[in-house]
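Have a look at the structure below before the remarks.
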Amino acid sequence: QVQLVESGGGLVQPGGSLRLSCAASGFTFSRYTMSWYRQAPGKERELVARIGSAGGWTNYADSVKGRFTISRDNAKNTVYLQMNSLKPEDTAVYFCNDGDILYAFGNDSWGQGTQVTVSA
């Protein structure tokens, strides 16, 4: 059974930082590219960042480039998102997943997400 469990969200002030974690189980984690997504109320789910299966490459949405860093530890089956210089527009529920995981395991692979709120 595939599980993706996000954690690390919370309430922070503008300019603050958070580190999100996504713990994966039920599949061979090291074979898959991993992505972070976010979704704010009334908006479509947005791709935030991606990292290759061995961590050799990364990509970022323009809105977070230079502020967020995606990383992974395949020995721990965990992908991280370091979020610095946070802005109110970063407020959203953050999820980890990837298209290949969805293709292989279906929509049930989505976790509960973790809420990030950036507010003074």
Region 1-29, residues that are farther than 19 Å from GLY52 by Cα, hydroxyl-bearing (Ser, Thr, Tyr) and part of a strand (DSSP E or B): SER7
Taking region 44-60 and keeping only residues that are open to solvent by 50 Å² or more (accessible area, probe 1.4 Å) and touching a residue at least 12 places away in the same chain (Cβ under 8 Å), one is left with ARG45, GLU46, LEU47, ARG50, ALA54, THR58, TYR60
Here is a list: SER35, SER85, SER71, SER21. Which entry is over 15 Å from the mean Cα position of the chain (by Cα) and polar (S, T, N, Q)? SER85
Could you please find all residues in region 103-120 being assigned to a loop (DSSP other than H, G, I, E, B) and free of Cβ contacts under 8 Å to residues at least 60 places away in the same chain? GLY106
First in region 61-74 and within 21 Å of THR91 (Cα to Cα), second anywhere and part of a loop (DSSP other than H, G, I, E, B), Cβ under 6 Å, 6 or more apart: ARG67/ASN84; ARG67/SER85
Within region 27-74, track down each residue that is on the phi > 0 side of the Ramachandran plot and in contact with a helix residue (DSSP H, G or I) (Cβ under 8 Å, 6 or more places away or on another chain). GLY55
So if I check each of ASP90, ASP100, which one is on the phi < 0 side of the Ramachandran plot, surrounded by 14 or more Cβ atoms within 10 Å (Cβ to Cβ), among the acidic types (Asp, Glu) and in contact (Cβ under 8 Å) with a residue 60 or more places away in the chain? ASP100
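The values are calculated or read from the model by the stated rules, or taken from the named source; none is laboratory data. These figures come from a predicted structure and were not determined experimentally. Methodologically, a virtual Cβ is constructed for each residue, glycine included, from the backbone with ideal geometry; neighbour enumeration extends over all protein chains shown. Each accessible area value is taken on the protein alone, full model and side chains, heavy atoms only, with ligands, DNA and RNA left out. Shrake-Rupley method; radii C 1.70, N 1.55, O 1.52, S 1.80 Å.
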